[in-house]
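Structure record follows, encoded as structure tokens.
Computed from the coordinates by the stated procedures, all read-outs in this text should not be read as laboratory data. Remember, predicted model here, so these are calculated numbers, not experimental data. Neighbour counts run over all protein chains shown; Cβ positions are idealised from the backbone, glycine included.
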Amino acid sequence: MDFVLLSKKSLFVLVTGSLLISCNGTGDDKMTKKKREYEKKQLNIVNPDKLFDPLPYSFSHSISVDAPLKFCFIAGQSGGIGEQQILSNNFRIQVKNALQNLKVALNSQSMTMDNVVKANLLIVNYDQEKLKIWEEEAKKVWRNSQFPTSTLIPVSQLALPNMLFEIDAIAVQGK
């Protein structure tokens, strides 16, 4: 995978410039229509069939942005299985399933775990035992020790009853 080092300011300009964010115009002029058409081509929203349908809950599983680099933003993935989001009561199993769901979302955007540059981990009733389990499972997924940056956020509860773990991610791919 090829990487390009960018400052935060350059990254912001790159992302917002590639999205062509426009708040001006009446919507009737030709330029605004062209911008909207361009925006639709730049955003690739994918909700994989192997994951539950997120539309009733007002979010998407993944969105990629085509720019000089392809950016993919993955919504929080739980350790639930299938459309009904069946959750085990076992923290390790939820972590494994969430990582598998993350892989599905990434694959739907033609990316892999190696493309992940940032992950947020939400852990219910966090303790050192759960941290150890996360570390063990992460090492199985990122075998080459090129771990993404991450933030672990202890929480008292998540979106679904019995949900113990959630991970969201940002992935980048060279073109």
According to the square roots a ≥ b ≥ c of the eigenvalues of the Cα gyration tensor, what is the shape class of region 61-175, taking rounded for a/c under 1.5, prolate for a/b larger than b/c otherwise, and oblate for the remainder? prolate
So for each of 67-73, 158-164 I average, over its residues, the number of other beta carbons within 10 Å; can you give me the resulting order with the highest mean first? 67-73, 158-164
Per the Kirkwood formula over distinct C-alpha pairs, the hydrodynamic radius of region 48-125 in angstrom is 13.3
